[in-house]
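Colleague: Sharing a structure here in structure tokens format.
The values are calculated or read from the model by the stated rules, or taken from the named source; none is laboratory data. Predicted, not measured: the structure shown is a model, and the values here were computed from it. For neighbour counting, all protein chains shown are included, and Cβ atoms are generated from backbone atoms with ideal geometry for every residue, glycine included. To get the accessible areas, we keep the full protein, side chains included, count just its heavy atoms, and leave off ligands, DNA and RNA. Shrake-Rupley method; radii C 1.70, N 1.55, O 1.52, S 1.80 Å.
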Amino acid sequence: MAITTATGRSDCLGTALGAVLLRSIATTHRLPPQADEASLYVHWPYCLKRCSYCNFNKYIHRSQNHAVMTACLQKETQTLLQLSQVSRISSVFFGGGTPSLAQPSTIAAVLETVSKHAHLSDEAEVTLEVNPTPAGKASLKDFTLAGVNRFSVGIQSLNDDHLRTLGRDHDSQHALWTVSEARTLCPGCVSVDVMFALPGQSVKSWESELEKLLPVCDDHISLYQLTLERGTQLFKQVDSGELTVPGDDVTAVMYNSARGVLEKAGFRQYEVSNFAKNKAVSEHNIGYWKGRQYIGIGPGAHGRFVPRAVGGVQREARTQTLEPDVWIREVQRHGHGTRRRIQLDHRGLLEEVLVMGLRMNEGITQQHWKLFSPEDDLQQIFGMSEKVQEFQAGGLLKLNDRGLRCSWEGLALLDSILPTMLLELEMFFKKQYTSRKTDIQRDR
């Protein structure tokens, strides 16, 4: 809409001037750091069955064409590596779905493609998610020969009743056998996933399960609270009253109890859900939490990178086509199956750095924040906020010359803290916008 200014000139302040202001704020630091390297996530969408709690992008496919899937994963890997122009891939993660259903030759082929188009160190972390079934266990050695050097085993529970409720296709003995074999092949590089707040689970039974797990697990454990997702079988069972899950208060006790048990066993919590000893952290996931670039390959995969080959200077949030059959056709036709691209402006990038960084127990250092925001430090943005000061007074948040992080208590309440932090960041940008708009109008 045209607005007549005091000088009598007609300017589209609602569009042109606003765009200039937003662009000047958004591009304060246009090219994110480490644009020449990225990690790679590869999504294998297929499963043998759908678990009762799961709403991930996965498909029950009775007649997988491994040759076609392999060729498309290779093609999309090549296309997006060339688009990003990264010279180095720091880590590779094969997730799903159930990527241990893929043939080891598929894993080897993707890694070979990566090595042809970017540097992939022999020491780079290459992780494969494993479903602890007899078939999954039997393939582990072949996966290591293909290039995998770290396994993430989806145990979920060592209670067979809970596993049946979750609709898992393994039992506790299968889980223990798989972890043992994985540890033999990749000692010190095996993670196990365990869920809590399950139907019928008590604090005591949860602690007992952890005590049973500790002697057999390796150096990394990920804890995940069960989330009831609409549309899943488990949601319907709980919603109808057929099953009951622990309340929020009990769930909080379970989480903090597990943190204590793991700490006594020598595990150091380095992120909300992740614990490691002997420094066996997930380098790939740390890349997410530190706001580094990553390229997503496969149906439904997500990525965050700068498309430098087409002149891009800002990071894009990319999502690949969900449905495997459609994704395959798009890759065969166009070389990739990117369905959605969203350019991240400066504020959008900082929001991701904030949300992901606060998940780590070390938080966000001032030095790390300045990589993304060299002009506005954490103290400038959050230091004067009454809400942030309340979090600090309540012992939930620490903001100082070192940086911004949650306390031990605050980490457990991160979901309650983040909305306030995001609002404060938004308000800071609005104040910048208003200030710059006033300066431009005054100069005119």
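Colleague: For the stretch 277-325, give me each residue that is part of a loop (DSSP other than H, G, I, E, B) and among the β-branched types (Val, Ile, Thr). Full working, then the answer.
Modeller: Of all residues in the stretch 277-325, those part of a loop (DSSP other than H, G, I, E, B) come to 277-282, 290-293, 298-301, 306-307, 311-315, 321-323.
Result: 281, 306, 313, 321.
Colleague: Pairs only if they're at least six apart or on different chains, beta carbon under 9 angstrom, first in the stretch 223-234 and at positive phi, second open to solvent by 10 Å² or more (accessible area, probe 1.4 Å) and not aliphatic (A, V, I, L, M); list them, first residue then second.
Modeller: Filtered contacts from the stretch 223-234: 231/55.
Colleague: Being touching a strand residue (DSSP E or B) at 6+ places or on another chain (Cβ under 8 Å), open to solvent by 50 Å² or more (accessible area, probe 1.4 Å) and in contact (Cβ under 8 Å) with a residue 60 or more places away in the chain: is that true of residue 352 here? Break it down into steps so the answer makes sense when it comes.
Modeller: Values: touching a strand residue (DSSP E or B) at 6+ places or on another chain (Cβ under 8 Å): yes; open to solvent by 50 Å² or more (accessible area, probe 1.4 Å): yes; in contact (Cβ under 8 Å) with a residue 60 or more places away in the chain: yes.
In short, yes.
Colleague: Quick check: anything in the stretch 317-325 over 18 Å from residue 425 (Cβ atoms), in contact with a Pro (Cβ under 8 Å, 6 or more places away or on another chain), crowded, with 21+ Cβ neighbours inside 10 Å and at pLDDT below 95? Explain how you work it out, then say what you get.
Modeller: Pass one, the stretch 317-325, residues over 18 Å from residue 425 (Cβ atoms): 318-325.
Still in the list and also in contact with a Pro (Cβ under 8 Å, 6 or more places away or on another chain): 320-324.
Now restrict to residues that are crowded, with 21+ Cβ neighbours inside 10 Å: 320-321, 324.
Add one more test, that the residue is at pLDDT below 95, and what stays is 324.
Taking every residue of the stretch 317-325 in turn, at least one turns out to be over 18 Å from residue 425 (Cβ atoms), in contact with a Pro (Cβ under 8 Å, 6 or more places away or on another chain), crowded, with 21+ Cβ neighbours inside 10 Å and at pLDDT below 95.
Colleague: Just checking, how many residues over the stretch 162-171 are more than 27 Å from the chain's Cα centre (by Cα) and either open to solvent by less than 50 Å² (accessible area, probe 1.4 Å) or within 16 Å of residue 238 (Cα to Cα) (or both)? Break it down stepwise before answering.
Modeller: Initially, the stretch 162-171 is screened for residues more than 27 Å from the chain's Cα centre (by Cα), giving 164, 171.
Going one step further and asking which of them are either open to solvent by less than 50 Å² (accessible area, probe 1.4 Å) or within 16 Å of residue 238 (Cα to Cα) (or both), we end up with 164.
So the answer is 1.
Colleague: Next question. From the set of residues in the stretch 287-311 that are open to solvent by 20 Å² or more (accessible area, probe 1.4 Å) and among the small types (Gly, Ala, Ser), which is nearest to residue 337 (Cα to Cα)?
Modeller: Looking at residues that are open to solvent by 20 Å² or more (accessible area, probe 1.4 Å) and among the small types (Gly, Ala, Ser), I get 309.
Colleague: Looking at 210, 140, which one is open to solvent by less than 10 Å² (accessible area, probe 1.4 Å) and over 26 Å from residue 272 (Cβ atoms)?
Modeller: 140
Colleague: Now a separate question. I'd like to check which helices (runs of 4 or more DSSP H) are fully inside the stretch 61-152 and have at least 1 residues that are modelled with pLDDT of 95 or more and in contact with a strand residue (DSSP E or B) (Cβ under 8 Å, 6 or more places away or on another chain). Let's see the steps before the verdict.
Modeller: Details: elements: 66-84, 104-117, 134-138, 140-146.
Filter on the stretch 61-152 gives 66-84, 104-117, 140-146.
Colleague: Next question. Would you say residue 128 is open to solvent by 10 Å² or more (accessible area, probe 1.4 Å) and not hydroxyl-bearing (Ser, Thr, Tyr)?
Modeller: For residue 128, the condition - open to solvent by 10 Å² or more (accessible area, probe 1.4 Å) and not hydroxyl-bearing (Ser, Thr, Tyr) - is not met.
Colleague: Could you check how many residues of the stretch 368-412 are of a type outside the set (Ser, Thr, Tyr) and touching a strand residue (DSSP E or B) at 6+ places or on another chain (Cβ under 8 Å)?
Modeller: Looking only at the stretch 368-412, we keep the residues that are of a type outside the set (Ser, Thr, Tyr), and these are 368-372, 374-384, 386-406, 408-412.
When the remaining residues are screened for being touching a strand residue (DSSP E or B) at 6+ places or on another chain (Cβ under 8 Å), the result is 368-369, 378-379, 382-383, 388, 391-392, 396-398, 402-406, 410-411.
Adding up the residues that qualify gives 19.
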